[in-house]
Amino acid sequence: MRYRLYREQQLSCSIEKAWSFFSSPHNLSEITPKSMGFVVLSDVKNKPIFKGMEIDYTVSPVLGIPMRWKTVISQVKDYKSFTDFQKKGPYKYWNHFHEFIPNENGVLMKDTVDYELPMGILGTIAHRLFVKEKLRSIFDFRYRVLNDLFNDKHN
């Protein structure tokens with residue numbers, strides 16, 4: 001079964017600043033809880049995001065057990081949107097669409113994640129028991145960190 005997680009957040013910054021931050025895979029570590037053990041393995045520092053870019057990570061979502069994860073950037077519209085799609089990893093399907101909409105207050109950022117777990121009914125049970133809440137807590141953490149980074153009055 002496919003699920004969808006949707007979030008949006010207003011950021012008080014320019015589209016250039018938002019794009020620069022979110023289009024760098026290394027900033028994912030900063031907005032992911034330390035308990036996830038999220039590490040970018042690919043050497044993609046200072047490389048502009050592009051369609052076809054592949055990024056390798058390790059992540060430890062369950063019991064601290066590290067798992068390999070490879071995503072590919074499947075579409076990019078500079079300063080508007082990009083999509084990372086799981087090529088190999090813990091999900092049966094993962095498609096994360098990032099959208100950036102400039103407005104009078106800065107940038108409205110939208111995240112739409114469509115995902116599916118492996119293992120049929122066992123995946124459905126795992127989703128109900130902990131995966132749904134785990135994803136929600138990760139995006140709650142991101143919201144707080146991004147609020148501190150982009151909306152703090154001292155920036």
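Being out of contact with any Asp or Glu (no Cβ under 9 Å at 6 or more places or on another chain) and crowded, with 16+ Cβ neighbours inside 10 Å is not true of L129. Taken over the stretch 73-83, the criterion of being within 14 Å of V113 (Cβ to Cβ) and open to solvent by less than 40 Å² (accessible area, probe 1.4 Å) is satisfied by S81, F82, T83.
Here L117 passes the criteria (1) in contact with a His (Cβ under 9 Å, 6 or more places away or on another chain); (2) surrounded by fewer than 16 Cβ atoms within 10 Å (Cβ to Cβ) except the one numbered (2). Every listed requirement among (1) touching a strand residue (DSSP E or B) at 6+ places or on another chain (Cβ under 6 Å); (2) outside any loop (DSSP other than H, G, I, E, B) is met by G123 save one, (1). Considering the conditions (1) of a type outside the set (G, A, S); (2) closer than 17 Å to S23 by Cβ; (3) at pLDDT below 95, E99 is excluded by exactly one of them, (3).
Can you say whether G64 is open to solvent by less than 50 Å² (accessible area, probe 1.4 Å), over 21 Å from L146 (Cβ atoms), free of Cβ contacts under 8 Å to residues at least 60 places away in the same chain and not hydroxyl-bearing (S, T, Y), as far as the supplied structure shows?
Working: open to solvent by less than 50 Å² (accessible area, probe 1.4 Å): no; over 21 Å from L146 (Cβ atoms): yes; free of Cβ contacts under 8 Å to residues at least 60 places away in the same chain: yes; not hydroxyl-bearing (S, T, Y): yes.
Spelling it out, it is not the case that G64 is open to solvent by less than 50 Å² (accessible area, probe 1.4 Å), over 21 Å from L146 (Cβ atoms), free of Cβ contacts under 8 Å to residues at least 60 places away in the same chain and not hydroxyl-bearing (S, T, Y).
Checked against (1) under 24 Å from P66 (Cα atoms); (2) touching a helix residue (DSSP H, G or I) at 6+ places or on another chain (Cβ under 9 Å), Q9 passes all but condition (1).
Of everything in the stretch 134-155 that is open to solvent by 70 Å² or more (accessible area, probe 1.4 Å) and at pLDDT 95 or above, the residue that is farthest from the chain's Cα centre (by Cα) is D148.
Screening K70 with (1) at negative phi; (2) out of contact with any Asp or Glu (no Cβ under 8 Å at 6 or more places or on another chain); (3) open to solvent by 30 Å² or more (accessible area, probe 1.4 Å) gives one miss only, at (2). Looking across S23, S14, one residue alone is modelled with pLDDT under 95, among the hydroxyl-bearing types (S, T, Y) and more than 22 Å from L129 (Cβ to Cβ). It is S23.
Quick check: anything in the stretch 84-95 touching a residue at least 24 places away in the same chain (Cβ under 8 Å), under 28 Å from D148 (Cβ atoms) and loosely packed, with under 15 Cβ neighbours inside 10 Å? There is no residue in the stretch 84-95 that is touching a residue at least 24 places away in the same chain (Cβ under 8 Å), under 28 Å from D148 (Cβ atoms) and loosely packed, with under 15 Cβ neighbours inside 10 Å. Mind listing whichever residues of the stretch 1-58 are charged (D, E, K, R), surrounded by 18 or more Cβ atoms within 10 Å (Cβ to Cβ) and out of contact with any Lys or Arg (no Cβ under 6 Å at 6 or more places or on another chain)? Matches in the stretch 1-58: none.
The values are calculated or read from the model by the stated rules, or taken from the named source; none is laboratory data. Here the structure is a predicted model, which is why all the values come from computation and not from measurement. Don't worry about glycine lacking a Cβ; one is built from the backbone with ideal geometry, like all the others, and counts go over all protein chains shown. Note: accessible area is taken over every heavy atom of the protein model, side chains too, but ligands, DNA and RNA are not part of it. Shrake-Rupley method; radii C 1.70, N 1.55, O 1.52, S 1.80 Å.
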